[in-house]
1. Report, for segment 188-265, the % of DSSP beta bridges that are antiparallel, rounded to 5.
2. What does the extension gain come out to for R259 and E426, with contour length at 0.36 nm per residue minus their alpha carbon separation?
3. Fully extended, how many nm does the chain gain between Q137 and N13 (0.36 nm per residue separation, minus their Cα-Cα distance)?
4. Given a 1.4 angstrom probe, what's the average accessible area per residue across the chain, in square angstrom?
5. Report, ordered by chain and residue number, the lysines lying within cross-link reach of K140, taken as a straight Cα distance under 25 Å and ignoring same-chain residues fewer than 8 apart.
6. Mean separation of Cα pairs under 8 Å and 6+ residues apart, divided by the residue count of segment 277-386: what relative contact order is that in percent?
7. When the Karplus curve 6.51 cos²θ - 1.76 cosθ + 1.60 is applied with θ = phi - 60°, which whole-Hz ³J(HN,Hα) does each residue of segment 123-137 get, with x for Gly and Pro?
8. Compute the whole-percent fraction of alpha carbon pairs in segment 356-508 spaced more than 28 Å apart.
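The values are calculated or read from the model by the stated rules, or taken from the named source; none is laboratory data. Predicted model, so just to flag it, every value in this text is computed and none were measured. Cβ placement follows ideal geometry from the backbone for every residue including glycine, while neighbour counts extend to all protein chains displayed. All accessible areas refer to the heavy atoms of the entire protein, side chains included, with ligands and DNA or RNA removed. Shrake-Rupley method; radii C 1.70, N 1.55, O 1.52, S 1.80 Å.
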Amino acid sequence: MSNEINSSNFIRNIVVEDLESGKHKEIITRFPPEPNGYLHIGHAKSILLNFGLADEFKGKTHLRFDDTNPVKEDTEYVESIKEDVQWLGGHWDELFFASNYFDEMYNKAILLIKKGNAYVCDLTAEEAKEYKGTLTQPGKDSPYRNRSVEENIDLFERMKKGEFADGEKVLRAKIDMASPNINMRDPVIYRISHSTHHNTGDKWCIYPMYDFAHPLEDAIEHVTHSICTLEFEDHRPLYDWVVKECEMEATPRQIEFARLNMTNTVMSKRKLKQLVDEKVVDGWDDPRMPTISGLRRKGCTPDALRNFCSAIGVAKANSVVDSQMLDYFIREDLQLKAPLSMAVLNPLKLVITNYPENETEMLSIENNAKDETQGTRLVPFSRELYIEKEDFMENPPKKYFRLFPGNEVRLKGAYFVKCNEVIKDENGEVVEIHCTYDPETKSGSGFTGRKVKGTIHWVDAKTCLPAEFRLYEPLILDDAPENEGKHFLEQINPNSLEILQGFIEPTAFKDAKPQDKFQMVRNGFFNVDTKYTTADKLVFNRIVPLKSSFKLS
């Protein structure tokens, strides 16, 4: 995996210092997603950072599923996460499940109880919130805080045996109810949940909380640098407390960096799941979603995503990235990779009245305008064609250089044609235009007799293939969708998907298969869809338009 994202940042500097000082002979990082949803673009940044650091310094990276909440987790998510990590180029050295450590975590909880550092509490969730205090007021001790070691061990073991209902009791760490850091005010470290776990089945009905499990997992695996996002900065004292008081052999170092926030994009897995559950989108891999699977289905490439993450870098302060910046890197990556092709998304019939009937010629057209080494292809051309509806206007404004009555344009790679007649239906809609062509003006013939200002693309009506085109706009209208003042579902763009039925030339697409990418003349970069494409019809997702006003500063 490319380590460009690590070329210069404060986390890399810490790693270099730790290796040069001899603190660590080898670094071990980890990517620890909870399998409660599909990974999104924010996770991509973390994947590239953790795997990139390990690769650069010849260390190791663990893929660990932080599966301590059986209610929300599923094997479907586990498999999707593996696929996403591999697609991005991540190759884990070890694969772990937090649930495999449940026995050791339980024993560490018993150790805390025996040391007088944990107790079973009977407060309800509402009572516990009241006892916890506020940012300006200290909390107060639970009435159960001073239970004896023996009573706590007995109650905790009975919790494990399933004698109590969900929420009836919890195990709390005994730290400091007056701490200025609310996370240190006797946090819950175990709760009861009579739920079947995707990995351990019904073996357990008590489960460790994330803040207790995560530092233990890192320490058990001898992770050296535990890299997480800034919202966990206030949790670091608790992380260190758990490692110390549970008497772990290894002492990982937690380091926080700014998460990725983007305009017109929600990153909360809870919100993304709501979009899926309420069928706002057609699944986690909907191309409008910021999930890695959605980006992949839309047509984003791993290289583009890596280059994007490298450009935004690793920082300590949160910021918001323009979503068009990702489009910029996708466009840059596909310029030389995606072969040129012609497709008409919104077709209008064009008949060349002076072209011989029942005749078809093959025209040589370039495969990539910016790379001659990709050669040319032969495209069929005959009397009847399709052009884009927007390339014809009956009463055009000034400086409209495409087809209109009496005007002449070049058909890309073919001839000059001049519009002579307009055919309309009973509703007055233009359904067909009739033109004449000049056989002397064939592309590549060296014709210099006159010039035209417009060039339009086309497909041959006799040999073209039907296709569906799915055009996307941002799903979220607001530039700051994580603003708590608005409900994100109120910001859904009703025009985020437009579906068009058109035609494609037969040559460029004859062997097209899902995930193949094409540069369609004037229409943008497109990817063959993996969900809706059939043997009889190709469906294309527009990845990005050909041009954008966005500039990389």
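1. 45 percent
2. Between R259 and E426, full extension yields an extra 54.3 nm.
3. Extending this stretch completely gives an extra 40.8 nm.
4. On the way: 25200 Å² over 553 residues.
Accessible surface, normalised per residue, equals 46 Å².
5. Straight-distance partners of K140: K114, K115, K129, K132, K169, K174, K244.
6. Working: 113 pairs, mean separation 19.9, N = 110.
The normalised contact order for segment 277-386 reaches 18 percent.
7. Karplus-based 3J(HN,Hα) across segment 123-137 equals 4, 6, 4, 5, 5, 4, 5, 5, 5, 6, x, 10, 5, 10, 10 Hz.
8. On the way: 4352 of 11628 pairs.
That fraction is 37 percent.
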